[in-house]
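Heads up, the thing below is written out as structure tokens.
Here, each number is a calculation from the coordinates, and none is a lab measurement. Just so you know, these numbers come straight off a predicted model, no measurement behind them. Cβ placement follows ideal geometry from the backbone for every residue including glycine, while neighbour counts extend to all protein chains displayed.
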Amino acid sequence: MSAAPRTVLTASPEEAAAIRAAVRTPDLNLFEGRARVATTDDAAALTDLLSDPAVSDPIYDLPRPIDLANVTAWIETAGALRERGEALLLVTLDEADAVAGYSLFTVWPERASAEIAGARRADLQGSGGGAGGAARSFGWMFDALGVRLIGVTAALDNHRSARIIAAAGFTSMGVRDCLRPDGSTRSSLYWEMTREAWHRRIRAQRAAPPRPHGPQA
């Protein structure tokens, strides 16, 4: 089960309402990826995706056992939370329009905060697109959903995700215990990023001179 970030922010009623509205009707034109809101029509494809241990084993909050019934119920729960402006489940697509991954955004509007969990198909992992996709997702959460704080976790042995999160500039906050749907816990590495720090980082990257390529004459 997702837990709100450790850092506590307080949103005004107007800010919280705007975040809820953005979650209910997400602007995916700003997502910079081929994605759409998941429906139960995606249940079979998501079940196939998540049945691969290379995809699902590092993720603590997935429904288990991973089967069609549980995945269908998971999609339905996400849809109900979306109507409340508190969660958004997206599927990402490859060039053949097949499901290539998913992203689940859990949102706490009254705290202007959110969490993201997700995974890519095993054949796409390590292809070099993970860091860019993660950065686009983080930016979209700040700019399209309007949150001011993002918290993320990774399993203690999930070094690939940890590298991506650290490369995005998130601040390490140590370890926190995450509650699984079955009531058990998993110790996870934990990071946070504020919107102000994210935008400051993006401005610095844009202002930096381009790196030279190849030998210089």
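Laid out as a table, the results:
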| item | result |
| --- | --- |
| Per-q log10 I(q)/I(0), the stretch 54-164, q = 0.15 Å⁻¹ (Debye; single scatterer per alpha-carbon; no solvent) | -0.70 |
| Antiparallel bridges, percent of DSSP beta bridges restricted to the chain (to nearest 5) | 90 percent |
| Matching label, mean projected area of the Cα convex hull in nm² computed from the structure shown, candidates (i) 13.6; (ii) 11.7; (iii) 22.9 | (i) |
| Whole-Å distance, taken between Cα centres, linking the stretch 144-193 and the stretch 47-122 | 16 Å |
| Cleavage-rule hits, GluC sites (Glu not before Pro), the stretch 77-114, DSSP coil, Cβ neighbours within 10 Å at most 13 | GLU95 |
| Top of SER184, SER51, SER172 by mean-square fluctuation, Gaussian network on the chain, Cα under 10 Å | SER184 |
| Exposed trypsin sites (Lys or Arg not before Pro) absent - longest run of the chain, DSSP non-H/G/I/E/B, at most 15 other C-beta within 10 Å | 85-217 |
| Neighbour-count ranking [beta-carbon atoms within 10 angstrom, fewest first] of MET193, MET141, MET173 | MET173, MET193, MET141 |
| Inter-probe distance in nm under a simple model that places probes 7 Å from Cα toward Cβ, at THR25 and LEU156 | 4.6 nm |
| Mean projected area (nm²) of the alpha-carbon convex hull when the stretch 8-55 is viewed from all directions | 5.9 nm² |
